[in-house]
């Protein structure tokens, strides 16, 4: 079973319900992560990973298995997923793959192309931003997020710099990473597993995002970010860009109030959920839509 959807749409809760139902029929069930941030160790709270209690009750795979000082790619995830699927089959287990990274699902079911297409709305957004941003600033923006690709491009090469930024926003991975991956075949054919996208009304989703982040703060998000910052990791690492990390780090540094940090993180989460929904709608249009949690 494959469960995709934007952040806070109720994917993990549904996965637990389906796993319980599978177990009740006498078949073991494994919940397998398809979220690019939940792979990292040390960020259980801020990335809304399943609780330690949930992980103790039912087997979970590919959660928190990557050190925060590493860069993890969709190709690496496919390799890890291939091993998990093989292991699940050997144990006769039902694999419930759940997450919000649409690119992971697309690669899993369609294979991994050298360079992905970019949704039209992402391209339009960068067209508008490029008109009011000078080439040096655009190149600097790229260098902060994908220094390897930026090193291969001149600031004056506006078209290619913009393309690299579009790919980053659309997929979460840089052009340099994509080119290293090459072509990978799909691990699951179209009829190998049921698949759904949770489609939660925007007002409901926004309310869930706000309530969840408040819960994160109450559950130790500040201590989690404080411990991460203390490691003095490269700010360009993906783990340092997790929503909530920069905002809480700014509060811990005295750069803003806690209230402002929380509101900014909620705003960024809403924007992220919108990008996820756009990707799922444009890149996975044939996946059945199911109403998400209310």
Euclidean distance between Cα centres, segment 24-101 to segment 208-265, Å
23 Å
Sticking to Cα atoms, compute the Rg of segment 94-229 to one decimal and its Dmax as the biggest Cα-Cα distance, whole number, in Å.
18.7, 52
Give me 77, 178 ranked fewest to most by other Cβ atoms within 10 Å of their Cβ, as a rough exposure proxy.
178, 77
Can you list the equivalent-ellipsoid semi-axes of segment 236-293, largest first and in whole Å, using the square root of 5 times each Cα gyration tensor eigenvalue?
31, 13, 8
Is the C-alpha gyration tensor of segment 156-294 telling us rounded, prolate or oblate? Criteria: a/c under 1.5 is rounded; beyond that, a/b larger than b/c is prolate, otherwise oblate.
oblate
Got the relative contact order for the chain handy, in percent, Cα pairs under 8 Å and 6 or more residues apart?
28 percent
Above 17 Å lies some portion of the pair distances; for segment 1-67, what is it as a whole percent of all C-alpha pairs?
39 percent
Can you give me the distance in nm between label points at residue 255 and residue 151, each placed 7 Å from the Cα along the Cα-to-Cβ direction?
2.5 nm
Cβ-Cβ FRET estimate between residue 180 and residue 212, R0 fixed at 45 Å, reported to 0.05:
0.85
How big is segment 96-139 along each principal axis, measuring the range of its Cα positions in Å and listing the largest first?
45, 21, 18
Could you grab the Rg to Rh ratio for the chain? Cα atoms only, Kirkwood for Rh.
0.96
As a test of the formula, what do you get for the chain when each DSSP H run with n ≥ 4 contributes -39,500 (n - 2.57) and the sum is divided by the residue count, at 222 nm and rounded to the nearest 500 deg cm²/dmol?
-16000 deg cm²/dmol
Normalised contact order of segment 120-180, rounded percent, pairs of Cα under 8 Å and 6 or more residues apart
33 percent
How do the peptides 146-155, 120-129 rank, highest first, by the average count of neighbouring beta carbon atoms within 10 Å per residue?
146-155, 120-129
Given 22-34, 38-50, the highest-first ranking by average Cβ count within 10 Å works out to 38-50, 22-34
Scattering from the C-alpha atoms of segment 1-134 alone, worked out with Debye: what is log10 I(q)/I(0) at q = 0.20 1/Å?
-1.23
State the percent of C-alpha pairs, over all pairs in segment 120-180, separated by a distance greater than 13 angstrom.
55 percent
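Each reported figure results from applying straightforward, stated rules to the coordinates on display, with no laboratory input. Keep in mind that this is a model prediction, so the values were computed, not measured. We place every Cβ from the backbone using ideal geometry, glycine too, and count neighbours over all the protein chains shown.
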